Amino acid sequence: MTHHYRDLNLTDPANGYLHFVVQAEARLGVARSLLNAEVSLAVQTPFLQEWVARLVRCEPNALHCAIVEPRQIPTLFHPCIEEDGEASPVAADCVCRKAMYDPEFGLPVVVQHANITGSADVTRWIYRTFAPLALRPHDSFGSLIVDRDGSLWVRTGEGILSLLPQSRALGYDFGYDGGGPHALAAYLSQVAATDGQVTAAGAPYARAHPAILAWTQSSAVEQGARELTLIDLKEMRRS
Ligand SMILES: [Zn+2]
């Protein structure tokens, strides 16, 4: 399902999958995505590894600059001490950031290198990207995945892993009575009500089905990785 914002068609298949609206305000020192929610992934789980495995290295572009803080933009061009062939990976803290993109969804990804000096085993990679505003035009919703660190993924009907579509204005959360669980429940209710066909982020709170809302507000969601299929969601909605 295509995501529309006023007169902008943000997922027009004829013009490429994703077009970003970048908000730049020099006075405030702001240059960021206006519509897509930012996502940061640091815990190495099987789902993160599956997604990382398909990422492709690229030159930094304007969208990578929109992911990082303005002062960090130069680090997008720093060489990595693991790649220059001379320095030991643990010789110093490396502050490089690598620019990548997801070839399935076209999303920019910045990979931050965080070496911890003197500890050979501790090399951390932090992945920062944007959630899509919708799955691709011919994708359907297959299942929701709540990762063990709370990251939210979706597997499409064809088995492709994606971050859960999410807009900046309606961030998701779970485990309490508040806006985040309402936004997540509204999105999942929309998916269940349309048999997985309408995947655009931004469903209004009023669309949240009581049973699905009760689930997103419960602490059960936080107890380890779990996968909820479209059939599960539809059954919750019928309860
Ligand atoms: Zn590095």
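The values are calculated or read from the model by the stated rules, or taken from the named source; none is laboratory data. These numbers were taken from a predicted model, which means no experiment stands behind them. Note that each Cβ is placed from the backbone with ideal geometry, even for glycine, and that neighbours are counted across all protein chains shown.
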- Message: I'd like to check which strands (runs of 3 or more DSSP E) are fully inside segment 72-191 and have at least 1 residues that are at pLDDT 90 or above and within 16 Å of the ligand (Cβ to nearest atom).
- Response: 97-101, 108-115, 123-130
- Query: Pairs under 7 Å by beta carbon, first residue among the acidic types (Asp, Glu) in segment 126-137, partner modelled with pLDDT of 90 or more and part of a strand (DSSP E or B), six or more apart or different chains?
  - Reply: none
- Condition test on Ala200, is it surrounded by fewer than 16 Cβ atoms within 10 Å (Cβ to Cβ) and of a type in the set (A, V, I, L, M, F, W, C)? no
- Identify all residues within segment 192-221 that are in contact with a Phe, Trp or Tyr (Cβ under 7 Å, 6 or more places away or on another chain) and in a helix (DSSP H, G or I); write none if there are none. Thr216, Gln217, Val221
